[in-house]
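> Got a structure here, written out as structure tokens. Questions coming.
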Amino acid sequence: MTDGKRLPHTTLDGASDGVDLYIRTYYSLLRSTGEVRVRAFEEAHAFSDSTLHLGAQDVVPDVAAFAYAAARLPACMASIERIVLGQSHEQFEAIGLEVRDWREERTRGRRRPLRYDGDKTLAVFLTSTSDLDDLVPIVTAYQIEWNKLHDRLANTSLGRAIARTTDGEEVFVDDAELSGLLGLDASGVATLRAALGDGIDRALRAIVSRESDLRLRVLSTTYTGYQRAAHRWWSGIEPAYVREAAPKRPPLYFVSSNTHSLLNLCGGYARAHRDAIVDFVRRKNPERLAEVVENARESNDEDTLSNLSYYLLRAWLHESDVDTHALLQQVQDYDAQSGVRTVPSPGKVDVSAQFVDLARLRPDRLDPRVKVDGIELLAQSDAVVLNIDYPLGMAAYHLLTRLVQGAGDMLGVYVMGKAATLNGRVGDVMLSDTVFDEHSRNRYLFRNAFSAGDLEPFMRRGTVLDGQKALTVRSAFLQNRAYMADYYRDGYTVLEMEAGPYLSAVFELAFPDRHPSGTIVHLSNAVPFELGVVHYASDTPYSRRQELLSKSLSYFGVESTYGCASAILRRIFTREVARVRANLAQRSDKP
């Protein structure tokens, strides 16, 4: 319920002037039916003073911002000159772009359906307004920093030597020379190399050869179009959910997390092959983890060994002499025997789903951390867990509202994701009971199913902070220090992108109305199912962007990810065991 009052006109009712101007700038320009040059956004972007792009106005390249942007763009970006954004294949085809035949592209740091024509055009499928808020600043930062690199390299002897190389020819670049030309220290050069990745030769050749002058075109976007995408997504999931026997639409625990944590904790494949994975670590020492594994073995540290085997499973699979596709199929078959089924990219929307059939779980394959008293009673459960690969921003609202239209009874909603923390460290876990949502301008108050005691048994390095307040932002780039300081003074310490949209959807599951805007919403006593929100810290923006994703491996990240997932599964299993017992008792009472 709401208190009927709108929030006061404070920093919580509007973005800072620079950020607000930036948002208004790109939305007004992108209303054009033609192409818009990214350079039109550069001034507003630079003067927004984004915490992710502190060096936007400096002449020295901000390689941290460039690396962040490059990780969320495809490897083909060095060739791209035009980016077209739309909601459906039909929209692209209407302007002559046969994107169905184009090559699929992926990025390291963002899941978004992308198609590349093999030449100079990239097609981006939009699933919500958050894709625009996310992509425009990323592309703008990428272009600003690309052009700084070009200006510093193009007319140098090194730049001319790079330009003379041909495709397929290796580019030899001395780090010390690169450091001097770009004004970077050794870590800055290392960050640049990591940003350019395996395609560093082609990227350097492109950087010295031309300035970036990207053009964006947004095809007509509508709220209905986003709902249609959500409908396609559910249509791809529904056949795996609906049963022939009663209940045809089984009771549901909904989880938004990732595609590996619940799978590894329930499926058991990595634990069953731990010896082979450990042998692989000893031989190859990926990310210098051999010593960590040996120490864990010597101390019988089961949690660390399990977490590392989960983390290194994919690397081990790709190292095998067996065909990778055949191995992945073997893993999926093993998971299916454990009661876990995966639906990859349903409806061509890049948000994969997993069903955990609680009655088919194999207790002997479960991670010991998730076993609860009475776990054997799950064999009599009629419920399933639906875990989805957490969507970006407002896509969370569209997908959850569509899902519940086709699902059976909702027994719980649990949201787990990465966040920035203003008062903790990378790897800490934050539990919030208040969320301010920049999309709806609502302040949501709710009873979080989790407290610090639920997570602390799984955390040896990180700290668990409950009683926090979260801010759902429109984009990672759309924040600056003054903006965050205002929220910090009001006690908001967690910055993330999905909780607010999910809570707007939860409101519509509990009330007969659409969610309100600009008000205080009390959900604590109104939601007819359990609600849990858990975040682990991947970034500390007050500490010069010490990002989890920028590190080769932060073990804090592995620990907190599986700690959060373990707590969620234990909560679900405990509640379902109690539900099965209650049902059995009710049946036994009948004459």
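So that you can scan it fast, the table gives a plain yes or no per residue for (1) of a type outside the set (Lys, Arg); (2) closer than 30 Å to Val63 by Cα; (3) in a loop (DSSP other than H, G, I, E, B); (4) in contact with a Pro (Cβ under 9 Å, 6 or more places away or on another chain):
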residue	(1), (2), (3), (4)
Asp198	yes, yes, no, no
Ile207	yes, yes, no, no
Arg217	no, yes, no, no
Thr221	yes, no, yes, no
Ala230	yes, no, no, no
Tyr253	yes, no, no, no
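> Would you check if Ala240 is in contact with a Lys or Arg (Cβ under 7 Å, 6 or more places away or on another chain), buried (at least 19 other Cβ atoms within 10 Å of the Cβ), part of a helix (DSSP H, G or I) and of a type in the set (A, V, I, L, M)? Steps first, answer last, please.
On the way: in contact with a Lys or Arg (Cβ under 7 Å, 6 or more places away or on another chain): yes; buried (at least 19 other Cβ atoms within 10 Å of the Cβ): no; part of a helix (DSSP H, G or I): yes; of a type in the set (A, V, I, L, M): yes.
In short, no.
> Follow-up question, since we're still on this one. Is it true that Arg402 is of a type outside the set (A, V, I, L, M) and surrounded by 15 or more Cβ atoms within 10 Å (Cβ to Cβ)? Quick ask: steps written out before the conclusion?
Details: of a type outside the set (A, V, I, L, M): yes; surrounded by 15 or more Cβ atoms within 10 Å (Cβ to Cβ): yes.
The answer is yes for Arg402.
> Shifting gears a bit: Among the helices (runs of 4 or more DSSP H) confined wholly to region 28-145, which include 1 or more residues that are within 30 Å of Gly180 (Cβ to Cβ)? Spell out the reasoning first.
Numbers: elements: 39-47, 63-71, 89-94.
Because the criterion is at least 1 residues that are within 30 Å of Gly180 (Cβ to Cβ), the helices (runs of 4 or more DSSP H) in region 28-145 that meet it are 39-47, 63-71.
> OK, next. Please return the ranges of strands (runs of 3 or more DSSP E) entirely within region 367-470 where 3 or more residues are modelled with pLDDT of 95 or more and within 30 Å of Arg243 (Cβ to Cβ).
Numbers: elements: 384-389, 410-421, 429-437, 442-445.
Passing ranges, in order: 384-389, 410-421.
> Which condition does Ala69 not pass, out of (1) in contact (Cβ under 8 Å) with a residue 40 or more places away in the chain; (2) more than 20 Å from Leu216 (Cβ to Cβ); (3) surrounded by 17 or more Cβ atoms within 10 Å (Cβ to Cβ), if it passes all the others?
Going through (1) in contact (Cβ under 8 Å) with a residue 40 or more places away in the chain; (2) more than 20 Å from Leu216 (Cβ to Cβ); (3) surrounded by 17 or more Cβ atoms within 10 Å (Cβ to Cβ) one by one, Ala69 breaks only (2).
> When the residues of region 417-440 are narrowed to those that are among the hydrophobic types (A, V, I, L, M, F, W, C) and in contact with a Gly (Cβ under 9 Å, 6 or more places away or on another chain), which ends up nearest to Pro457 (Cα to Cα)? Give the derivation first.
Filtering region 417-440 for residues among the hydrophobic types (A, V, I, L, M, F, W, C) gives 419-420, 422, 426, 429-431, 435-436.
Now restrict to residues that are in contact with a Gly (Cβ under 9 Å, 6 or more places away or on another chain): 426, 429-431, 435-436.
Values: Val426: 18, Val429: 12, Met430: 15, Leu431: 15, Val435: 26, Phe436: 29 Å.
The residue in question is Val429.
> Could I ask something else about it? Are any residues in region 98-132 of a type outside the set (D, E, K, R), closer than 12 Å to Arg72 by Cα and without any contact (Cβ under 8 Å) to a residue 60 or more places away in the chain, and if so, which ones?
Thr107, Leu114
> Looking at region 220-228, is at least one residue closer than 30 Å to Val372 by Cα and either surrounded by 15 or more Cβ atoms within 10 Å (Cβ to Cβ) or not hydrophobic (A, V, I, L, M, F, W, C) (or both)?
No.
> Can you name the number of the only condition in (1) outside the structural domain of Ala245 (by TED's automatic domain parsing); (2) within 30 Å of Met410 (Cβ to Cβ) that Ala383 fails?
So the condition that Ala383 fails would be (1).
> I've got another one for you. Which one is nearest to Val124 (Cα to Cα) among residues in region 338-362 that are at pLDDT below 95 and assigned to a helix (DSSP H, G or I)?
Lys348
> Looking at Thr324, is it out of contact with any Phe, Trp or Tyr (no Cβ under 7 Å at 6 or more places or on another chain) and either among the hydrophobic types (A, V, I, L, M, F, W, C) or free of Cβ contacts under 8 Å to residues at least 40 places away in the same chain (or both)? So that I can check it myself, show each step before the final result.
Working: out of contact with any Phe, Trp or Tyr (no Cβ under 7 Å at 6 or more places or on another chain): yes; either among the hydrophobic types (A, V, I, L, M, F, W, C) or free of Cβ contacts under 8 Å to residues at least 40 places away in the same chain (or both): yes.
So Thr324 fits the description; yes.
> Right, here's the next one. I'm told Val429 meets every condition in (1) surrounded by 21 or more Cβ atoms within 10 Å (Cβ to Cβ); (2) farther than 15 Å from Ala567 by Cβ except one. Can you identify the failing condition by its number?
Just one mismatch for Val429, condition (2).
> Could you tell me whether Thr259 is outside any helix (DSSP H, G or I) and within 15 Å of Val343 (Cβ to Cβ)? Before you say what the answer is, go through the steps one by one.
Numbers: outside any helix (DSSP H, G or I): yes; within 15 Å of Val343 (Cβ to Cβ): yes.
Yes; evaluated as a whole, the condition is true for this residue.
> Quick check, is Leu358 more than 24 Å from the chain's Cα centre (by Cα), crowded, with 24+ Cβ neighbours inside 10 Å and of a type outside the set (Ser, Thr, Tyr)? Working first, answer last.
Working: more than 24 Å from the chain's Cα centre (by Cα): yes; crowded, with 24+ Cβ neighbours inside 10 Å: yes; of a type outside the set (Ser, Thr, Tyr): yes.
When the stated conditions are applied, Leu358 passes them.
> So, Asn258, is that one modelled with pLDDT under 95 and not assigned by TED's automatic domain parsing to the domain that holds Ala419 or not? Steps first, please.
Numbers: modelled with pLDDT under 95: yes; not assigned by TED's automatic domain parsing to the domain that holds Ala419: no.
Against the criterion (modelled with pLDDT under 95 and not assigned by TED's automatic domain parsing to the domain that holds Ala419), Asn258 does not qualify.
> For region 146-181, enumerate the residues that are exposed (fewer than 13 other Cβ atoms within 10 Å of the Cβ), outside any helix (DSSP H, G or I) and of a type outside the set (Ser, Thr, Tyr).
If the condition is that a residue be exposed (fewer than 13 other Cβ atoms within 10 Å of the Cβ), outside any helix (DSSP H, G or I) and of a type outside the set (Ser, Thr, Tyr), then Asn155, Asp167, Gly168, Glu169, Glu170, Phe172, Asp174 are the ones that fit.
The values are calculated or read from the model by the stated rules, or taken from the named source; none is laboratory data. All values derive from a computational prediction rather than experimental measurement. Cβ atoms come from the backbone with ideal geometry, glycine included; neighbour counts cover every protein chain shown.
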